[in-house]
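Below: the structure, in structure tokens.
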Amino acid sequence: MERDIEELDGKVHEIVRVITTIRDEDLWQTLRESWRRPGWTTPAESLLVAGQLDSLKEALELVRLQQERLIDGCRAVGEKN
């Protein structure tokens, strides 16, 4: 199998693009404003959104762990023990 450095770089570029989208402060501010509107935050809505935010946080923490493992693995490749 031939090494395709450009393909790997492209994959990293796409991941960084997605992360940039996730980090969009305007999007997060829109969410914060949403549940402050009068009549929006019923107990059921609050429970639903809180659960979704918890799930999102857990997923992002898992992505961070995968990133660390990927970096560790890449650094280990070719090292002499």
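The values are calculated or read from the model by the stated rules, or taken from the named source; none is laboratory data. Predicted model only: the values in this text are computed from it and were never measured. The area values use the complete protein model at the heavy-atom level, side chains included, leaving out ligands, DNA and RNA. Shrake-Rupley method; radii C 1.70, N 1.55, O 1.52, S 1.80 Å.
Remarks
- Heavy-atom accessible surface of the stretch 33-81: percent carbon and sulfur, 1.4 Å: 58 percent
- For the chain, the normalised intensity computed at q = 0.11, 0.18, 0.21, 0.26 Å⁻¹ comes to -0.52, -0.94, -1.11, -1.30 (log10 of I(q)/I(0), Debye sum over alpha carbons, equal scatterers, no solvent).
- A 1.4 Å probe run over the protein chains yields, for the stretch 25-81, 91 Å² of accessible area per residue, whole-number rounding.
- Axis angle, to the nearest 10 degrees, between helix 25-34 and the longest C-alpha principal axis of the chain: 30 degrees.
- For the chain, the longest principal axis of the Cα atoms and the long axis of helix 5-22 meet at an angle of about 20 degrees.
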